[in-house]
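Worksheet: the structure to be examined is printed underneath.
Rule-based calculations on the coordinates, nothing more; no lab input. Nothing here was measured: the structure is a model prediction, and the numbers come from that model. Here the Cβ is made from the backbone with ideal geometry for all residues, glycine too, and neighbour counts use every protein chain on show.
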Amino acid sequence: MSEKSDAVKANVTLEKLVSLSRRRGFVFQSSEIYGGQSGAWDYGPLGVELKKNIQQVWWKEMTQMHDNIVGLDAAILMHPKVWSASGHVENFTDPLVECKKCKGRFRADHIDLKGPCPTCGSRDTLGEPRKFNLMFTTHIGPVEETSSLIYLRPETAQGIFVNFKNVVASSRVKVPFGIAQVGKAFRNEIVTKAFIFRTAEFEQMEMQFFINPKEEPKWFEYWKQSRIDYYSNKLGIAPEHLRFHQHGKDELAHYAINAFDIEFLFPMGWQELEGIHSRSDYDLRRHQEFSGDKQEYLDQEAQERFIPYVIETSAGLTRSVLMVLTDAYEEETLGEGDVRTVMHFHPNLAPVKVAVMPVVKKDGLLELAQELEKSLRDDFTTMLEPTGNIGKNYRRQDEIGTPYCVTVDYQTKDDQTVTIRYRDSMKQERIKISELSNFIRNNIRNYRRGQ
């Protein structure tokens with residue numbers, strides 16, 4: 001990690017991100033008026049826009065920009081046998097330890113089993129580790145019995161695998177091809193922590209790429225490089241805050257033959273952001289075994305039948321929100337104790353693209369600002385700042401990451417021009433209203449952080 005990376009992250013803490021998120025409407029604690037629900041968070045007016053923008057950039061990158069990747073939206077509730085076939089019923093567990101005195105529960109691999117209880121400090125009170133399945137269970141139908149047992153999906157991938165043949169039959173796709181999906185998943189984590197980093201309810205952005213087994217090395221390397229490039233090139237994430245971590249033999253999931261994590265430098269250190277996994281033919285072969293439905297693919301040109309291997313790219317959408325918040329946050333010293341808090345979102349991700357404000361509310365300037373803001377709505381997410389305190393308006397927009405502020409003043413009435421102010425550099429220039437939309441659009445397309 002470079003000295004520059006250390007310096008950039010020095011002032012970014014979870015406490016500051018949580019405070020800003022609540023104050024500005026990015027993320028709220030779920031059920032806060034009742035004391036809050038652990039492991040659950042609500043996305044406020046700005047947070048839902050940020051999350052939606054991240055999802056849209058990912059979806060465009062994975063589907064629109066590829067001619068061999070299609071989309072899917074599978075149900076959260078699936079047949080229970082799906083999770084037996086996938087190995088989740090048997091293998092999706094964490095080692096749980098409970099304190100006999102305070103009843104605190106901990107992951108055995110996260111604490112010293114010979115030491116005191118992390119909660120109450122008592123010694124010799126930690127029990128033996130036992131397996132704890134992370135899947136939420138519920139019942140379907142009016143009677144709770146074994147036959148009505150059903151799971152909330154712990155991942156979105158299995159919805160893709162069980163629809164493999166449906167997609168092949170209904171779409172003009174040929175191996176190699178991918179299926180992309182964004183959706184909710186649920187894990188009954190022993191410990192939820194680090195704000196929205198690890199939660200019981202979260203969203204995944206996954207793509208399963210089906211290949212001829214002979215081409216596994218080529219496609220694994222392709223997706224590994226493609227995915228890390230995406231964060232820097234499409235989301236504007238600082239490259240020095242990203243790195244690869246290869247899974248050792250003791251880390252590999254039961255389905256994987258090779259795996260790399262893309263890690264990001266979060267406030268709590270380097271942590272997984274996205275996984276690139278070579279899943280072999282494990283999933284399709286298991287579903288073939290448990291369902292009795294053949295999952296083979298016929299390559300008509302080669303006259304060859306095989307069960308495809310799968311290269312998986314799996315990223316957390318909610319975790320990506322935390323990454324973007326972390327990477328964007330800066331406290332910039334302007335001199336004489338004046339500190340500007342600014343969120344350097346890439347304009348494609350910014351919840352608000354353009355804020356419009358009058359220098360004063362009188363003399364028809366507010367009405368001009370209102371008219372201009374409405375005219376920009378078709379092209380951008382906008383916000384009207386109706387008060388006349390320009391300095392405070394700029395600071396508020398900096399803190400929510402708005403890349404462009406447009407000011408209507410008395411000159412606007414004379415020559416139909418406005419002042420555009422750039423968030424990162426705070427520079428200003430005069431633009432004709434008739435050219436404003438195209439100017440902003442081109443600026444977003446050519447954006448470089450700091451301009």
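Calculated FRET efficiency, Asn68 to Arg22, Cβ-Cβ distance, R0 = 45 Å: about 0.60 to the nearest 0.05.
When exposed loop sites are taken as trypsin sites (Lys or Arg not before Pro) in a DSSP loop with at most 12 other Cβ atoms within 10 Å, the longest stretch of the chain clear of them is 1-99.
For region 353-451, the list of GluC sites (Glu not before Pro) that fall in a loop by DSSP and count at most 15 other C-beta atoms within 10 angstrom is empty. Taking the Cβ-Cβ separation of Glu32 and Gln411 as r and a Förster radius of 51 Å, what is the calculated FRET efficiency to the nearest 0.05? In this case the efficiency is close to 0.65. Taken over region 352-445, the alpha-carbon convex hull comes to 83 cubic angstrom per residue.
Under 8 Å for C-alpha pairs, at least 6 residues apart: give me the relative contact order for region 352-445, rounded to a whole percent.
On the way: 151 pairs, mean separation 26.2, N = 94.
Averaging sequence separation for qualifying contacts and normalising by length gives 28 percent for region 352-445.
Shown here for region 72-161: GluC sites (Glu not before Pro) in loop regions (DSSP other than H, G, I, E, B) with at most 15 other Cβ atoms within 10 Å, namely Glu144, Glu145. Shape descriptor for region 236-349: Rg over Rh equals 1.21 (Cα atoms; Rh from the Kirkwood inverse mean 1/r). Computed from phi, the 3J(HN,Hα) profile of region 259-267 under the Karplus parametrisation 6.51, -1.76, 1.60 (θ = phi - 60°) reads 7, 10, 9, 8, 9, 10, 7, 6, x Hz, with x in place of Gly and Pro.
The equivalent ellipsoid that matches the C-alpha gyration tensor of region 59-209 spans semi-axes of 38, 19, 12 angstrom, in descending order. Residues whose amide H comes within less than 5 Å of that of Phe306, counting only those at least five positions distant or on another chain, are Tyr297, Asp299 (H built at 1.01 Å from N in the peptide plane). Against the main long axis of the alpha-carbon atoms of the chain, helix 282-291 sits at an angle near 60°. Out of every Cα pair in region 51-148, what percent are spaced more than 21 Å from each other? It works out to 62 percent of all Cα pairs. The loop-placed GluC sites (Glu not before Pro) in region 187-288, going by DSSP, that have at most 11 neighbouring Cβ atoms within 10 Å of their Cβ come out as Glu251. For the chain, the cysteines with no partner cysteine C-beta closer than 4.7 Å are Cys405. Bridgeable lysines around Lys114 (alpha carbons under 28 Å apart, same-chain partners fewer than 8 residues away excluded): Lys100, Lys101, Lys103, Lys131, Lys193, Lys249.
When only Cα pairs under 8 Å and 6 or more residues apart are kept, what is the percent relative contact order across the chain? Answer for the chain is 13 percent.
Please arrange Leu14, Leu77 by counting, for each residue, the other beta carbons lying within 10 Å of its beta carbon, fewest first.
Values: Leu14 17, Leu77 12.
Fewest-to-most ranking of Leu14, Leu77: Leu77, Leu14.
Gap in Å between the Cα centre of region 292-319 and the Cα centre of region 353-373? Centre-to-centre (Cα) distance: 55 Å. By the beta-carbon count within 10 Å of each Cβ, the least crowded to most crowded order of Cys102, Cys117, Cys405, fewest first, is Cys102, Cys117, Cys405. Mind pulling the angle between the C-alpha long axis of helix 365-376 and the longest principal axis of the chain? Nearest 10 degrees, somewhere in 0 to 90. Its long axis makes an angle of about 40 degrees.
Using equal-weight Cα scatterers in the Debye expression, the normalised intensity of region 195-251 in log10 at q = 0.23 Å⁻¹ is -1.18. Among Ser38, Ala259, Ser320, pick out the residue whose Cα is farthest towards the positive end of the charge dipole of the chain, where Lys and Arg carry +1 and Asp and Glu carry -1 on C-beta, about the Cα centre. The Cα lying farthest towards the positive end belongs to Ser38. Of all DSSP bridge pairs formed entirely within region 352-445, close to 55 percent run antiparallel.
Taking the chain, how much of its Cα-Cα pair set, in percent, is spaced more than 36 angstrom apart? Intermediate results must be reported in sequence, preceding the final value.
Working: 39746 of 101475 pairs.
Of all Cα-Cα distances in the chain, 39 percent exceed 36 Å.
Assuming 0.36 nm per residue, please report the length gained on full extension of the stretch Asp424 to Ile444 beyond their Cα-Cα distance. Could you put the intermediate results ahead of the total?
Working: separation 20, 0.36 × 20 = 7.20 nm, distance 1.28 nm.
Value of the extension gain: 5.9 nm.
Could you please state, rounded to a whole Å, how far the C-alpha centre of region 109-181 is from the C-alpha centre of region 384-441? Using only Cα atoms, the two centres lie 48 Å from each other.
Residues in region 225-241 carry Karplus couplings, in order, of 6, 4, 6, 6, 5, 4, 5, 6, 7, 9, 9, x, 6, 4, x, 6, 9 Hz; the curve used is 6.51 cos²θ - 1.76 cosθ + 1.60 with θ = phi - 60°, and Gly or Pro positions show x. Each Lys and Arg contributes +1 and each Asp and Glu -1, all at the Cβ; summed about the Cα centre of region 352-445, the dipole is approximately 260 debye.
Each residue of region 419-434 in order: what ³J(HN,Hα) in whole Hz does its phi give by Karplus 6.51 cos²θ - 1.76 cosθ + 1.60, θ = phi - 60°, with x for Gly and Pro? So the Karplus estimates, Gly and Pro as x, are 9, 10, 10, 8, 4, 5, 9, 6, 6, 10, 8, 9, 9, 5, 4, 5 Hz. Around the amide H of Phe132, modelled in the peptide plane, lie the amide H atoms of Asp94, Leu96, all under 5 Å away and 5 or more residues distant in sequence or on another chain.
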